[in-house]
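Here is the structure we will look at.
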Amino acid sequence: MSADDMRELVRLHSDRETALDLEGTLATLVGRPVYEFHPARLRLEGREKVERFYREHFDNFFPLIESHTPVGECWDAQSACMEYDLRLKPPYDSKVYRIMVVLTREGRLLKGERFYVDEELARLMAGASYHDFVAF
């Protein structure tokens with residue numbers, strides 16, 4: 001895979017997320033994906049737990065998003081790093097949340113995502129599935 005192939009894979013994943021397509025999003029991931037929150041060092045592993053995360057994410061977090069503004073990105077054949085500012089709707093609209101996400105691949109699928117966010121945003125992003133994450 002090239003950096004352009006990685007861009008295409010991440011674009012497909014992102015498009016599926018934006019469409020709230022749970023099955024399509026999961027289809028872009030390896031069989032045992034890993035999601036992490038940093039600096040909290042919390043990890044979520046496995047298809048069932050990631051599916052629960054996405055259900056919460058789509059149902060409860062996505063409706064809160066007002067807008068997102070890209071800050072920067074970095075690509076290579078194995079990974080992607082994207083940083084952006086996220087604005088949420090009330091009552092969270094008094095703050096701009098900076099988020100950085102790193103995605104890596106295994107073959108032609110994504111291994112998962114590493115989110116670099118503050119704890120408040122991690123809890124909002126994960127909703128009830130936040131308690132499925134374990135310290136590492």
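The values are calculated or read from the model by the stated rules, or taken from the named source; none is laboratory data. Computed from a predicted model, the values in this text were never measured in an experiment. Here Cβ is always computed from backbone atoms with ideal geometry, including for glycine, and neighbour counts include all displayed protein chains.
Out of curiosity, is Thr69 among the hydroxyl-bearing types (Ser, Thr, Tyr), surrounded by 13 or more Cβ atoms within 10 Å (Cβ to Cβ), in contact with a strand residue (DSSP E or B) (Cβ under 8 Å, 6 or more places away or on another chain) and farther than 18 Å from Gly127 by Cα? Spell out the reasoning first.
Numbers: among the hydroxyl-bearing types (Ser, Thr, Tyr): yes; surrounded by 13 or more Cβ atoms within 10 Å (Cβ to Cβ): no; in contact with a strand residue (DSSP E or B) (Cβ under 8 Å, 6 or more places away or on another chain): yes; farther than 18 Å from Gly127 by Cα: yes.
No, not satisfied.
Got a number for residues in the stretch 23-40 being surrounded by 13 or more Cβ atoms within 10 Å (Cβ to Cβ) and touching a residue at least 60 places away in the same chain (Cβ under 8 Å)?
Within the stretch 23-40, residues that are surrounded by 13 or more Cβ atoms within 10 Å (Cβ to Cβ) and touching a residue at least 60 places away in the same chain (Cβ under 8 Å) number 10.
Among the listed residues Gly46, Gly24, identify the single one that is at positive phi and small (Gly, Ala, Ser). Even if it seems obvious, please write down each step before you answer.
On the way: Gly24 fails: at positive phi.
Result: Gly46 is the single residue among Gly46, Gly24 that is at positive phi and small (Gly, Ala, Ser).
Keeping to the stretch 69-97, report how many residues are part of a strand (DSSP E or B) and touching a helix residue (DSSP H, G or I) at 6+ places or on another chain (Cβ under 9 Å). First the steps, then the outcome.
Within the stretch 69-97, the subset part of a strand (DSSP E or B) is 69-75, 79-88, 96-97.
This time we only want the ones that are touching a helix residue (DSSP H, G or I) at 6+ places or on another chain (Cβ under 9 Å), so: 75, 79-80, 82, 86, 88, 97.
Of the residues in the stretch 69-97, 7 are part of a strand (DSSP E or B) and touching a helix residue (DSSP H, G or I) at 6+ places or on another chain (Cβ under 9 Å).
Can you name the number of the only condition in (1) in a strand (DSSP E or B); (2) farther than 15 Å from His13 by Cβ; (3) in contact (Cβ under 8 Å) with a residue 60 or more places away in the chain that Glu56 fails?
Just one mismatch for Glu56, condition (1).
Mind telling me which of the residues Leu44, Leu20, Leu12 ends up being surrounded by 13 or more Cβ atoms within 10 Å (Cβ to Cβ) and assigned to a strand (DSSP E or B)? Even if it seems obvious, please write down each step before you answer.
Numbers: Leu20 fails: assigned to a strand (DSSP E or B); Leu12 fails: assigned to a strand (DSSP E or B).
That would be Leu44, the only listed residue that is surrounded by 13 or more Cβ atoms within 10 Å (Cβ to Cβ) and assigned to a strand (DSSP E or B).
Given (1) closer than 21 Å to Leu124 by Cα; (2) touching a helix residue (DSSP H, G or I) at 6+ places or on another chain (Cβ under 8 Å); (3) charged (D, E, K, R); (4) touching a residue at least 24 places away in the same chain (Cβ under 8 Å), identify the lone condition not met by Arg47.
The number of the failed condition is (4).
Quick check on the stretch 102-110. Is at least one of its residues small (Gly, Ala, Ser), surrounded by fewer than 12 Cβ atoms within 10 Å (Cβ to Cβ), on the phi > 0 side of the Ramachandran plot and over 14 Å from the mean Cα position of the chain (by Cα)? Can you show your working first?
From the stretch 102-110, those small (Gly, Ala, Ser) are 107; that's our starting set.
Among the residues that remain, those that are also surrounded by fewer than 12 Cβ atoms within 10 Å (Cβ to Cβ) are: 107.
Going one step further and asking which of them are on the phi > 0 side of the Ramachandran plot, we end up with 107.
Checking the rest, the ones that are also over 14 Å from the mean Cα position of the chain (by Cα) come to 107.
Yes: the stretch 102-110 contains one or more residues that are small (Gly, Ala, Ser), surrounded by fewer than 12 Cβ atoms within 10 Å (Cβ to Cβ), on the phi > 0 side of the Ramachandran plot and over 14 Å from the mean Cα position of the chain (by Cα).
Any chance the stretch 80-103 includes a residue that's at pLDDT 95 or above and of a type in the set (S, T, N, Q)?
No, the stretch 80-103 has no match at all.
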